[in-house]
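Participant: Have a look at the structure that comes next, please.
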Amino acid sequence: ATKKLYFDNVDTSGHTYITEEGADNIAIYVGGERLLQLVEGSTDYVAVGDGHYLGAGNDLDFYMRHNGSNSFLTNSTGDFYITNDANDKDIILQSDNGSGGTANYITLDGSTTDLLLTPPSGKISGSLTSTGSFGQLTIDPLHKGFTIGNPNNQTRLFYNAGYFQFTDADNSYAGIAV
């Protein structure tokens with residue numbers, strides 16, 4: 001497992017080579033640094049080391065990397081699509097649940113076409129706006145309220161901190177305290 005296939009020098013002093021580092025473990029070195037590792041075993045994998053980029057595109061337009069502490073997916077051109085072509089299946093974003101496990105935070109449900117926001121705390125911070133066939137839904141957790149209505153402000157229902165308010169095209173309104 002000590003022989004090397006050199007590409008930049010006919011003797012053993014080159015810096016670009018392929019070597020078998022162990023049983024079923026091959027590494028590719030460029031400039032004397034291991035850039036790619038291929039391992040066959042109980043867990044088959046292809047890996048790049050910390051700080052190295054694994055990318056696609058003529059100018060590294062899309063890449064992933066790990067810096068030893070954090071992981072990144074980066075797209076530098078065009079739109080970034082995440083697609084699940086499996087029929088009636090979901091795209092699920094998970095993260096730490098605060099108790100040593102993981103939890104689903106965002107689910108794009110392929111069978112119902114719903115967007116599910118399900119953080120373990122039950123809290124959603126910031127604001128959310130969605131426009132659909134019913135009009136527009138805006139959730140405003142900061143003010144503990146929401147608005148449902150026509151995007152042109154023709155007819156709307158507001159709820160803010162225990163009070164419902166209805167408006168129509170001429171901005172006349174009625175309110176109901178709850």
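Participant: Anything in the stretch 23-47 that is farther than 19 Å from LYS4 by Cβ, at pLDDT below 90 and either aromatic (Phe, Trp, Tyr) or open to solvent by less than 50 Å² (accessible area, probe 1.4 Å) (or both)? List them, or say none.
Facilitator: GLY41
Participant: Okay, next question. Determine which member of the set ILE148, ILE124, ILE139 is surrounded by 11 or more Cβ atoms within 10 Å (Cβ to Cβ), of a type outside the set (Asp, Glu), at pLDDT below 90 and part of a loop (DSSP other than H, G, I, E, B). First the steps, then the outcome.
Facilitator: On the way: ILE148 fails: part of a loop (DSSP other than H, G, I, E, B); ILE139 fails: part of a loop (DSSP other than H, G, I, E, B).
Going through ILE148, ILE124, ILE139 in turn, just one is surrounded by 11 or more Cβ atoms within 10 Å (Cβ to Cβ), of a type outside the set (Asp, Glu), at pLDDT below 90 and part of a loop (DSSP other than H, G, I, E, B): ILE124.
Participant: Could I ask something else about it? Exposed (fewer than 11 other Cβ atoms within 10 Å of the Cβ) and within 30 Å of SER95 (Cα to Cα), is that true of ASN67?
Facilitator: Yes, satisfied.
Participant: Suppose we filter the stretch 51-108 for residues that are over 22 Å from GLU33 (Cβ atoms), assigned to a strand (DSSP E or B) and of a type in the set (S, T, N, Q); how many remain?
Facilitator: Total meeting the criteria: 6.
Participant: Follow-up question, since we're still on this one. Please verify whether ASP50 is open to solvent by 70 Å² or more (accessible area, probe 1.4 Å), more than 30 Å from GLY110 (Cα to Cα) and modelled with pLDDT of 90 or more, treating the condition exactly as stated.
Facilitator: yes
Participant: Determine, yes or no, whether GLU20 is without any contact (Cβ under 8 Å) to a residue 40 or more places away in the chain, over 17 Å from the mean Cα position of the chain (by Cα) and open to solvent by 80 Å² or more (accessible area, probe 1.4 Å).
Facilitator: Numbers: without any contact (Cβ under 8 Å) to a residue 40 or more places away in the chain: yes; over 17 Å from the mean Cα position of the chain (by Cα): yes; open to solvent by 80 Å² or more (accessible area, probe 1.4 Å): no.
So GLU20 fails the test.
Participant: Still on this structure, please answer the following. Determine the pairs where a residue that is within 19 Å of THR118 (Cβ to Cβ) and open to solvent by 100 Å² or more (accessible area, probe 1.4 Å), located within the stretch 80-99, has a partner that is assigned to a loop (DSSP other than H, G, I, E, B) and at pLDDT below 95 with Cβ atoms under 6 Å apart, the partner being 6 or more residues away or on another chain.
Facilitator: LYS89/GLY110
The values are calculated or read from the model by the stated rules, or taken from the named source; none is laboratory data. Nothing here was measured: the structure is a model prediction, and the numbers come from that model. Glycine also receives a Cβ, built like all others from the backbone with ideal geometry; neighbour counts cover every protein chain displayed. Protein only, heavy atoms only, side chains kept; ligands, DNA and RNA dropped before computing areas. Shrake-Rupley method; radii C 1.70, N 1.55, O 1.52, S 1.80 Å.
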